[in-house]
Amino acid sequence: MKIALSSDHAGYPLKQHLLAYLRTEGHEVIDLGVDSADVPSDYPDAAEAIASALIEGRAERGILTCGSGVGASIAANKVPGIYAAVCHDTYSAHQGVEHDRMNVLCVGARVVGPALAEELADAFLRAQISDEERHARRFGKLQAIEQRHRA
């Protein structure tokens, strides 16, 4: 799978770990920065980089790391067509794709360690969107909300 990966400075060490891990798992990974934990950077920039890669079709899914995952999730969800969530458990990481069509996994680097981050990424990337009517109906409602509030 083609995956976009980005972080702010707080998420940088975990992003680097996931970058190496995902490549060993056979994924094509686009590293959208940042390039250091030593230079303060802002999670909205990382979120927009991931969102742009997905919207433009350069990647199928994205993984975004910051300190808690919360700010990154909020920022990514500002872009129409992006469905991002903070997940610190494997159930949410796969269920978010299956039921809610989540396309960006947000992970808090100050909340989870490298081993759990690998498990979260695996659960997220292996999940397939459900074709059940109730999930399609709910997703349609999400898209309608998004459409009503477009600027």
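Values in this text are rule-based calculations from the coordinates and carry no lab data. Owing to the predicted nature of the structure, the values given are computational and were not obtained by experimental measurement. Note that we place each Cβ from the backbone using ideal geometry, even for glycine, and neighbour counts take in every protein chain shown.
Within 13 Å, Cβ to Cβ, of ALA117, how many net charges do the neighbouring residues add up to if Lys/Arg are +1 and Asp/Glu are -1?
Every neighbour counted, the sum reads -3.
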Notebook entry, point to check: In the stretch 18-151, if every C-alpha pair distance is counted and binned at 5 Å from zero, what percent goes to each bin?
Noted result: 2, 10, 19, 24, 23, 12, 6, 2, 1, 0
Checklist line | Mean residue ellipticity (222 nm) of the chain, computed from DSSP H runs ≥ 4 via -39,500 (n - 2.57), nearest 500 | finding: -15000 deg cm²/dmol
Check: Any idea what the dipole of the chain comes to, in debye rounded to 20, about its Cα centre with Lys/Arg Cβ at +1 and Asp/Glu Cβ at -1?
Finding: 540
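For the stretch 66-130, what is one quarter of the convex hull surface built on the Cα atoms, given in nm²? Let's see the in-between values first.
Details: hull surface 15.3 nm².
Directional mean of the projected Cα hull area for the stretch 66-130 stands at 3.8 nm².
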Margin query: Straight-line reach from LYS15: which lysines fall under 20 Å, measuring Cα to Cα and dropping same-chain residues less than 8 apart?
Written below: LYS2
Next item on the list: Quick one: grab the alpha carbon gyration tensor of the stretch 25-99, order the square roots of its eigenvalues as a ≥ b ≥ c, and give me rounded if a/c is under 1.5, else prolate or oblate depending on whether a/b is larger than b/c.
Entry: rounded
Note to self: Please compute the contact order of the chain in relative form: average sequence separation of alpha-carbon pairs under 8 Å and at least six residues apart, divided by the residue count, as a percent.
What the structure shows: 23
